[in-house]
Every structure is written in structure tokens, then in C-alpha cells.
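A.B. asks: Sharing a structure below in C-alpha cells format, with a few things to ask.
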Amino acid sequence: MIDLRSDTVTQPTEAMRRAMAAAEVGDDVYGEDPTVNRLEELAAERFGKEAALLVASGTMGNLVALLSHCGRGNEAIVGARTHISHYEQGGMAALGGIHQHPVADLPFGRPEISDIEQAINSDDDHLARTTLVCLETTHNEAGGRVLPLAYLEEVARLAAKNHLRVHIDGARVFNAAVALNVPVSMIAHHADSVMFCLSKGLACPVGSLLVGSRDFIGQARRNRKLVGGGMRQAGVLAAAGLVALNEMVDRLVDDHANARRLAEGLADMDGVEVDPGVVETNIFYITITKPGVDAEGLAAQLSDQGVRISTSNFPRVRLVLHYEVGRAEVDEALRAFQLALA
Ligand SMILES: Cc1ncc(COP(=O)(O)O)c(C=O)c1O
């Protein structure tokens, strides 16, 4: 199957499986897992931060970050269509008593600086205290769009002026760094904390990391335990993470090229709307415009040709490239779409 639903479907590579089997482990809640410690040190170094923390998932990483930056009743400014705002069950409110202040962030995935500024509450007894700005890069709902460094710098400047912190949901921040052709530390430089996922385009079976200052990560370690995320011989997972950071980052450029190739091929077909010009990374959206084509029918026809898509937002369909879909598979997928839309 050519699975275009998500980069989370990626299976661990052979090198990951070997590293996991051979991993040296210990009890990570005691800080005694050498492989976890190595991964956390490497992540901190790559992001130019003092410390890092391995967590079970991106959702847990974002939640732990929010719990660590904000107290109960504090307010976090978030893009209205970010994963944190929209797809994490309102965890910050449910578990942390943190109020979210959504600001418009589509179509580019970046809220206007003036909107962020307006969302900052003044020091007034009626108002929740604003403490945090959350950004997302690459921005999933915006179709894998990358936040430019100049934009991050502007947000950081505004946040500093108002004594706010900045958290980046960087589930796919390495895709952003590769697209910008900069080290990931240049993105992280503009944030107090960054969460990134090992289990998406980097192909690990499980895991995300949170990076930030030593104090912040100390607090995050406590909050990870609070939400039941203290893992024991987690080196088995961290071993795959080390392979990911060392072997799976540079190749993301191929996923971006394949995404553009797929988008360009689809743009030539009747019944599909897509602008290949906006494809920056490994995710993009198409709109099916062919009359008479419905979600189930399209998914079934493509599935018969060996292609899987997700149709939950039909006629808008998200397509995601990853290391299991190479150039040949892209061409096969294009043939499948051609037949399905004929
Ligand atoms: C932008 C973004 N942030 C966070 C997450 C959450 O990651 P996880 O599924 O590991 O909880 C996702 C997952 O798809 C995501 O796309």
C-alpha cells in the first residue's frame, strides 16, 4: 500500500530495529537510562538549548510544556487551527486550568503580529494573565507551511517586550529546518521551548522530545510524571530516536520533492484543485471538484489501486509524503488518481 494518510504510519527502519534490540537501558525515572540520556543530550545540542526531555507523544509534549509555562487561570495565545488549539481535546484547560486565546492563523499558519499583540491582556483584575504564545511549524492545517525566521523573530520580540514565553509545536520542525535550509537551532533560537516528534517523518515507532532551559525542563520532568509519563527502560525507544536524529533528517528533502511532484501531477488532472506553488514540505491539501465523486467511492477506488488516503475532511484531502513513498510510488499514486477520477 502507498499510504498517503500521514507520516505517522511510517515503520521503524532496519537500523532502528537493530538499535532498539541492542539498546543499553536503565530506569529513566531515576535518570539512569544511558540511551535516553544520550538522546536528550543530543536533542538539546541540536536545538541549541540547555536540556531536553523524552515524552511519549507530541500531545504529551505540548501538554507538559503548557503546564510548565502556565499556571491555572493563565492564558495562552494559540493559532486557532493549530494542533494544540484544535486536536488535543483542550488538554491545557481540562488538565491545567489554562485558558486559550485563539487567533486566526490560516491560510499561512502564522497569526498576524497585530492579532497576537491585541490578544495580550493588559494588567487588569478582570482579565486572565497572558503568559505564553504558541506557534506551530510546520503548520499542519495550513498544508505543511513553514514559519519564516523573520516572523519567528518578530513574535519573539513582541513576547519579550510583554514578558511572555514562546512555545513552538514543532512536531515537524525538522521539515521546517530542511525547507529553510538552516540548522534547527536557528528556529529554536526564537522560542523558550520546542516540542518535536520522532514518530512522524523521522519514522520512529514512539516518542517526542521537549527542549528548553534547564529550569524549564526540570519543571517539565515533574509535569511529565504528573501526567503518568515517567517511563522506565525507555532507552529501547530512545535508541530509535538516536538513529532518527542521525540518519533520518537530511533525507526529508526527498519527501518535500516528492510532495511537489505529486502536487504537480495532480494539478494537471481534471477534478482536482491544488496549487503546487504552496507546497513547501511533506504535507499538502487538494480539493476534489469532480462532480459525482464522493469520499467513500474515491477512497475505495484508490485503495483498489494500492493507494490509501484519508477522506475525513472530503472534498478537502490531506496528502502526506514520507520515506516509504518514493518517486516511483508517487508516479503510481498519480496513475491511481487518474483512474479513480476518469
Ligand atoms: C502539528 C502536530 N502537533 C502535535 C501532534 C501530536 O502528536 P502525537 O500524535 O504524537 O500526540 C501532531 C500529530 O499529528 C501534529 O500534527
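A.B. asks: Considering only strands (runs of 3 or more DSSP E) fully contained in region 163-220, which possess at least 1 residues that are modelled with pLDDT of 95 or more, of a type in the set (S, T, N, Q) and within 14 Å of the ligand (Cβ to nearest atom)?
C.D. replies: 193-197, 208-212
A.B. asks: Determine if region 267-282 includes at least one residue that is touching a residue at least 12 places away in the same chain (Cβ under 8 Å) and in contact with a Pro (Cβ under 6 Å, 6 or more places away or on another chain).
C.D. replies: No, region 267-282 has no match at all.
A.B. asks: I would also like to ask the following. In the list Val330, Val317, Val325, which residue meets the criterion of being in a loop (DSSP other than H, G, I, E, B), open to solvent by less than 30 Å² (accessible area, probe 1.4 Å) and modelled with pLDDT of 95 or more?
C.D. replies: Val325
A.B. asks: If a residue must be among the β-branched types (Val, Ile, Thr) and open to solvent by less than 10 Å² (accessible area, probe 1.4 Å), how many such residues does region 289-314 contain?
C.D. replies: Total satisfying the criteria: 1.
A.B. asks: Kindly indicate whether any position in region 283-297 is in contact with a helix residue (DSSP H, G or I) (Cβ under 6 Å, 6 or more places away or on another chain), outside any strand (DSSP E or B) and within 19 Å of Ser6 (Cα to Cα).
C.D. replies: There is no residue in region 283-297 that is in contact with a helix residue (DSSP H, G or I) (Cβ under 6 Å, 6 or more places away or on another chain), outside any strand (DSSP E or B) and within 19 Å of Ser6 (Cα to Cα).
A.B. asks: Just to be sure before I move on: is Arg251 within 21 Å of Pro205 (Cβ to Cβ) and surrounded by fewer than 22 Cβ atoms within 10 Å (Cβ to Cβ) in the structure I sent?
C.D. replies: yes
A.B. asks: When you go through (1) small (Gly, Ala, Ser); (2) under 21 Å from Leu147 (Cβ atoms); (3) out of contact with any Ser or Thr (no Cβ under 9 Å at 6 or more places or on another chain); (4) open to solvent by less than 10 Å² (accessible area, probe 1.4 Å) one by one for Ala104, which number turns out not to apply?
C.D. replies: Just one mismatch for Ala104, condition (4).
A.B. asks: For residues that are under 27 Å from Ala159 (Cβ atoms) and surrounded by fewer than 21 Cβ atoms within 10 Å (Cβ to Cβ), tally how many sit in region 191-220.
C.D. replies: Qualifying residue count, region 191-220: 5.
A.B. asks: Continuing with this model, one more query. When the residues of region 33-42 are filtered to those that are part of a helix (DSSP H, G or I) and open to solvent by less than 50 Å² (accessible area, probe 1.4 Å), which remaining residue is farthest from Leu245 (Cα to Cα)?
C.D. replies: Restricting to residues being part of a helix (DSSP H, G or I) and open to solvent by less than 50 Å² (accessible area, probe 1.4 Å), the top hit is Pro34.
A.B. asks: A further question follows. Answer yes or no: is there a residue in region 15-32 that is more than 22 Å from His189 (Cα to Cα), in a helix (DSSP H, G or I) and in contact with a His (Cβ under 6 Å, 6 or more places away or on another chain).
C.D. replies: No, every residue in region 15-32 fails to be more than 22 Å from His189 (Cα to Cα), in a helix (DSSP H, G or I) and in contact with a His (Cβ under 6 Å, 6 or more places away or on another chain).
A.B. asks: Of all the residues that make up region 70-81, how many are within 16 Å of the ligand (Cβ to nearest atom) and more than 9 Å from Cys134 (Cα to Cα)?
C.D. replies: Matching residues across region 70-81 total 2.
A.B. asks: Any idea how many residues of region 4-43 are within 20 Å of the chain's Cα centre (by Cα), over 30 Å from Ala336 (Cβ atoms) and small (Gly, Ala, Ser)?
C.D. replies: Of the residues in region 4-43, 1 are within 20 Å of the chain's Cα centre (by Cα), over 30 Å from Ala336 (Cβ atoms) and small (Gly, Ala, Ser).
A.B. asks: Name, by its number, the condition in (1) touching a residue at least 24 places away in the same chain (Cβ under 8 Å); (2) of a type in the set (S, T, N, Q); (3) more than 15 Å from the ligand (Cβ to nearest atom) that does not hold for Ser114.
C.D. replies: (1)
The values are calculated or read from the model by the stated rules, or taken from the named source; none is laboratory data. Being a predicted model, the structure only gives us computed values, none of them experimental. Please note: Cβ atoms are built from the backbone with ideal geometry, for glycine as well, and neighbour counts cover all protein chains shown. These area figures cover heavy atoms from the full protein model, side chains too; ligands, DNA and RNA do not enter into them. Shrake-Rupley method; radii C 1.70, N 1.55, O 1.52, S 1.80 Å.
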